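J.: The structure follows.
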Amino acid sequence: MAINTLKFDEKGLIPVIVQDMNTNEVLMFAWMNRESFERTLKTGIMTYWSRSRQELWVKGETSGNIQEVREIYIDCDADCLLCKIEPKGLGAACHEGYRSCFFRKVNRADGTFAICDERVFNPDEIYNK
């Protein structure tokens with residue numbers, strides 16, 4: 001079974017890269033523990049481990065932007081996952097309201113950054129009800 005080959009770190013976590021199944025756009029980076037991985041497999045909905053809240057986090061539970069699992073890949077060292085998902089709801093992966101968490105682009109000349117995407121939703125309307 002795949003879970004027995006995974007190399008969780010000293011905190012019991014494994015990094016997860018999340019990619020849109022249809023566009024291959026990288027949407028986010030998160031963490032899973034054994035329980036969130038097992039729940040993801042069972043439900044087909046991406047479930048992560050929130051390091052800040054120290055609890056399981058079902059993506060889209062609050063915002064409605066659920067991530068349905070389509071494929072899961074394990075890297076060569078078995079210490080990182082790539083999950084290809086189909087986004088539901090507004091299709092936003094970022095809690096700041098953007099489609100991707102990678103919505104800022106760095107200017108290599110001076111190290112500054114600029115927002116390079118448009119918000120899909122206003123986070124104040126979703127999370128501060």
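Where a number appears in this text, it was derived from the coordinates with a stated rule and is not lab data. The structure displayed is predicted, hence computed values, not measured ones.
J.: Using modelled amide H (1.01 Å from N, peptide plane; none on Pro or chain starts), what sits under 5 Å from the amide H of residue 25, excluding residues fewer than 5 places away?
T.: Amide H to amide H, under 5 Å and 5 or more residues apart or across chains, residue 25 pairs with 20.
J.: Separate question: List the residues, sorted by chain then number, that are 5 or more residues from residue 48 or on another chain and whose placed amide H is less than 5 Å from its amide H.
T.: 57, 58, 59
J.: Follow-up. So how long is each side of region 2-127 along the principal axes, counting just the alpha-carbon atoms, biggest first, in Å?
T.: 42, 35, 30
J.: For region 2-127, what is the percent of antiparallel DSSP beta bridges, rounded to the nearest 5?
T.: Details: 22 of 27 bridges.
Taking every DSSP beta bridge within region 2-127, about 80 percent pair in antiparallel fashion.
J.: What residues qualify as long-range amide H neighbours of residue 70, i.e. H under 5 Å apart, gap of 5 or more or another chain, H built at 1.01 Å from N?
T.: 84, 85, 86
J.: So, one more: Taking the chain as a Gaussian network, where each spring joins two C-alpha atoms under 10 Å apart, which residue of 91, 44, 60 fluctuates the most?
T.: Looking only at 91, 44, 60, the biggest GNM fluctuation is shown by 44.
J.: List nothing, just return the count: lysine pairs in the chain, 8 or more apart or interchain, with Cα separation under 28 Å.
T.: Number of lysine pairs found: 16.
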